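What follows draws every value from the coordinates through simple rules; no lab data is involved. In this text, all values refer to a predicted model and were calculated from it rather than measured experimentally. Virtual Cβ from ideal backbone geometry, glycine too; neighbours counted across all protein chains shown.
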């Protein structure tokens, strides 16, 4: 069975298979070597993700013949960082609980699949003007339900967890803000990604996977490439 990479996260992951999405780009990049499996849930935070983890990745699947995923991205925090006194308060998770939940999610994955490469991705930065123009639901306060400062605190916590657990991490919060005009160039509504933002995530994920030994150069294709098939005897390529 072809190996797989699992993308686990919130709406930024759920939307990643859309046009120009970073998940679709990953699937295309690894099209002959790895199946990219989408497990993205719009609006979810780490509390909810931890609650559903057993349902998503039941123990029975460990012995289903498919083997452990080569890698899993864990991309939560944008919803956890919603401010507790504004319109998306129901999604808020306190910072220390966020850290503990990430620890628990990583522990869960490693218990299921000890060899799986876990890649944390921090929440992206927040364009507060974009959030005011594209609020989720009613926003009577007239204030953004997320701030870049809060997102940065959760990004820092995510990086700390990666260090404590010995797993890879992409500091998307910092990386994205290095892009000129990132607020509108990388984010379409102050939170979700544009094509440029998706490209940035894709490139970062590919780089981290490569650093972990997962790249087109190291992963075998599952069947002979066309260039390796002899036109005079095509079926010979399939005899091994």
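Temperature 20 °C, viscosity 1.002 mPa s: under these conditions the Stokes-Einstein estimate for the range 38-197, based on its Kirkwood radius over C-alpha pairs, is 131 µm² per second.
Legend: ranking of residues 44, 154 from fewest to most surrounding C-beta atoms inside 10 Å; resulting order 44, 154.
The convex hull drawn around the Cα atoms of the range 48-138, when projected onto a plane and averaged over every direction, covers 7.1 nm².
Figure the gain on full extension for residue 164 and residue 115 (residue separation times 0.36 nm, minus the Cα-Cα span) and round it to one decimal in nm.
15.9 nm
A Förster distance of 30 Å, applied to the separation of the beta-carbon atoms of residue 178 and residue 141, puts the FRET efficiency at 0.45. Between the beta carbons of residue 222 and residue 156, assuming R0 = 41 Å, the FRET efficiency works out to 0.55 to the nearest 0.05. Fully extending the segment from residue 100 to residue 194 would add 30.8 nm, taking 0.36 nm per residue of separation and subtracting the current Cα-Cα distance.
Working from label points 7 Å from Cα in the Cα-to-Cβ sense, the residue 211 to residue 233 distance is 4.7 nm.
With a cut-off of 13 Å on the backbone N, the residues of the range 165-198 near the modelled label site 7 Å out from residue 28 along Cα-Cβ are 195-196, 198. Helix 195-211 and the longest principal axis of the Cα set of the chain meet at an angle near 60°.
Beta bridges per DSSP, both residues in the chain: antiparallel share near 5 percent.
Entry for the range 1-88 at q = 0.14, 0.16, 0.20, 0.23 Å⁻¹: log10 I(q)/I(0) = -0.55, -0.70, -0.98, -1.16, Debye formula applied to identical alpha-carbon scatterers, no solvent contribution.
If I fit a long axis through the Cα atoms of helix 148-165 and take the longest principal axis of the Cα atoms of the chain, what angle between them do I get, 0 to 90°, rounded to 10? Orientation of helix 148-165: about 40 degrees from the principal axis. Helix 95-112 against the longest principal axis of the chain: what's the angle in degrees, Cα atoms only, rounded to the nearest 10? Compared with the principal axis, the helix lies near 20 degrees.
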